1. Starting from residues that are assigned to a helix (DSSP H, G or I) and out of contact with any helix residue (DSSP H, G or I) (no Cβ under 9 Å at 6 or more places or on another chain), keep the ones in region 130-168 and report whichever is surrounded by the most Cβ atoms within 10 Å (Cβ to Cβ).
2. Out of region 169-186, which residues are among the charged types (D, E, K, R) and either surrounded by 14 or more Cβ atoms within 10 Å (Cβ to Cβ) or modelled with pLDDT under 95 (or both)?
3. Quick one: is LEU63 farther than 23 Å from LEU170 by Cβ and either part of a strand (DSSP E or B) or touching a His at 6+ places or on another chain (Cβ under 7 Å) (or both)?
4. Only one residue in ALA114, ALA97, ALA74, ALA104 is farther than 22 Å from HIS4 by Cα and either modelled with pLDDT of 95 or more or surrounded by fewer than 24 Cβ atoms within 10 Å (Cβ to Cβ) (or both), so which one is that?
5. Restricted to region 68-91, and to residues that are part of a loop (DSSP other than H, G, I, E, B) and touching a strand residue (DSSP E or B) at 6+ places or on another chain (Cβ under 7 Å), which residue is nearest to THR28 (Cα to Cα)?
6. Quick check: is even one residue across region 204-219 under 14 Å from the mean Cα position of the chain (by Cα), assigned to a loop (DSSP other than H, G, I, E, B) and at pLDDT 95 or above?
7. Among (1) surrounded by 19 or more Cβ atoms within 10 Å (Cβ to Cβ); (2) closer than 28 Å to ALA174 by Cα; (3) within 15 Å of the chain's Cα centre (by Cα), where does VAL42 come up short?
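The values are calculated or read from the model by the stated rules, or taken from the named source; none is laboratory data. None of the values given here were measured: they were computed from a predicted structure. In this analysis, Cβ positions are derived from the backbone assuming ideal geometry, glycine residues included, and neighbour counts consider all displayed protein chains.
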Amino acid sequence: MDTHFLGIDDLAEVPSVAVVVDVMRAYTVAAWAFAQGAEKIVLAESLDAALALKARHPDWIALKDGASAPGFDAVNSPGLLRSVDLAGRTVVQKTTAGTVGALAVKDAQLVLCAGFVVAEATARALRARGSDSVTFVVTGEDGQADEDLACAQYIARRANEPVTDADEFLRRGAASRAAAELAEGVRQGVHPDDVALCLELDRFPFAMVAALERSLMVLRPHAM
């Protein structure tokens, strides 16, 4: 499998298969939303678009980065979301990098969204697909976020090798700038357990596939 690791702005063309990685915290949060019973997640292009969707569908749960804000029901924190009952609900998610990355490759034949919590399931999805080429979209810090790059590299290796030691990759995630900012309270809308939850390897047994449904980019879990 030929692998490419690119930032969002480095995407010169639409890949056939894309894995969009946001460990801290968009796709850890998405995985927790599905674990809490969410049916699907709509990835919004902007805060205004998220609020417009919420206005049209008052029963949907709108979620954003940072501090809570009028019109939004939740924030982008796995520690805060894990106690919310989302059974059968639709979540609208807008984050700084993760949702942007998925929308940047919305025309790809297959879009997987991932973090460490669904790493093995994502690797299995790639093996099942059998694609010759996979582009990993490293969403944080203009493609330089080490927690995202480490996770992407780990998934790529797991897709090609039956046995891979995750310790090095998890250590890089724990030592990343994003982990420090979450732990030190630099970012808003944070739970003390967020870093640990983002670094739980293979917490969930499903991959997350994003695809266009009418005009919306919709994320759904796929059991592997």
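1. If we take residues in region 130-168 being assigned to a helix (DSSP H, G or I) and out of contact with any helix residue (DSSP H, G or I) (no Cβ under 9 Å at 6 or more places or on another chain), then ALA152 is surrounded by the most Cβ atoms within 10 Å (Cβ to Cβ).
2. ARG172, ARG177, GLU181, GLU184
3. Here the answer is yes, as LEU63 does meet what is asked.
4. ALA74
5. ASN76
6. Within region 204-219 (the criterion being under 14 Å from the mean Cα position of the chain (by Cα), assigned to a loop (DSSP other than H, G, I, E, B) and at pLDDT 95 or above), the answer is yes, since at least one residue qualifies.
7. Every condition holds for VAL42 apart from (2).
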